[in-house]
Amino acid sequence: RWFRHCSQQLFQTLTVTLNSLAFVLYELNRADEGLPLAEEALSLNRTAPETWDTLAMIHLSMGRLDEAMNASRKAVELAPEQLDLQLHLAMVHTERGELEPAWNLVEQLMVRKAALSSPAQTRLDTFRVKLQRLREAKISG
């Protein structure tokens, strides 16, 4: 019993560490190096929404839009209450040219904006402006 508890804690810590390293590499524009770490983290725990989200952002940065969509949807499915994950899903939709689903997500997030952290609110506002411009360009073009 004690051993099982310790091994579960170890796997959880290892998953978080691998995911954190993968995300840092993604932020440093070294997504190709972060990808195997995110995949390894998922091999240890397939129910970690943060890891699915990291994998989605890595795939997105690498232009792998289908993989990004699958991972982002899985992250939101696992933790629908985490609004950052929904914002990332909207970003994936946008990169795929799916502006209306992205806009619908952004509008839903705007209603719940106060629940986001200050940096996430800024990201949402910035992304909303970008998305609005894309929608206007599509309408006029």
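The values are calculated or read from the model by the stated rules, or taken from the named source; none is laboratory data. Treat the numbers as computed from the prediction; the structure is a model and nothing was measured. Cβ placement follows ideal geometry from the backbone for every residue including glycine, while neighbour counts extend to all protein chains displayed. Side chains included, ligands, DNA and RNA excluded: accessible areas come from the protein's heavy atoms. Shrake-Rupley method; radii C 1.70, N 1.55, O 1.52, S 1.80 Å.
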Among residues of segment 89-109 being in a helix (DSSP H, G or I) and of a type in the set (Gly, Ala, Ser), the residue surrounded by the fewest Cβ atoms within 10 Å (Cβ to Cβ) is Ala102
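Across segment 69-104, what is the total count of residues that are of a type in the set (Gly, Ala, Ser) and under 17 Å from Lys130 (Cβ atoms)?
In the first step, residues of segment 69-104 are kept if they are of a type in the set (Gly, Ala, Ser); the result is 71-72, 75, 79, 90, 97, 102.
Restricting the remaining residues to those that are under 17 Å from Lys130 (Cβ atoms) gives 90, 97, 102.
Result for segment 69-104: 3.
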Which residue pairs have Cβ atoms closer than 7 Å, lie 6 or more positions apart in sequence or on different chains, and pair a first residue in segment 25-54 that is at positive phi with a second residue that is modelled with pLDDT of 95 or more and not in a loop (DSSP other than H, G, I, E, B)?
none
Filter segment 118-129 down to residues that are in contact with a helix residue (DSSP H, G or I) (Cβ under 8 Å, 6 or more places away or on another chain) and open to solvent by 60 Å² or more (accessible area, probe 1.4 Å) and give me whichever is modelled with the highest pLDDT.
Arg128
Criterion violated by Ser61 - all others in (1) at pLDDT 95 or above; (2) surrounded by fewer than 16 Cβ atoms within 10 Å (Cβ to Cβ); (3) of a type in the set (Ser, Thr, Tyr) satisfied
(2)
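Evaluate the following for Thr51: is it outside any helix (DSSP H, G or I) and either closer than 19 Å to Gln86 by Cα or aromatic (Phe, Trp, Tyr) (or both)?
So Thr51 does not fit the description; no.
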Among residues of segment 67-88, those that are touching a residue at least 24 places away in the same chain (Cβ under 8 Å), under 18 Å from Leu42 (Cβ atoms) and open to solvent by less than 20 Å² (accessible area, probe 1.4 Å), counted:
5
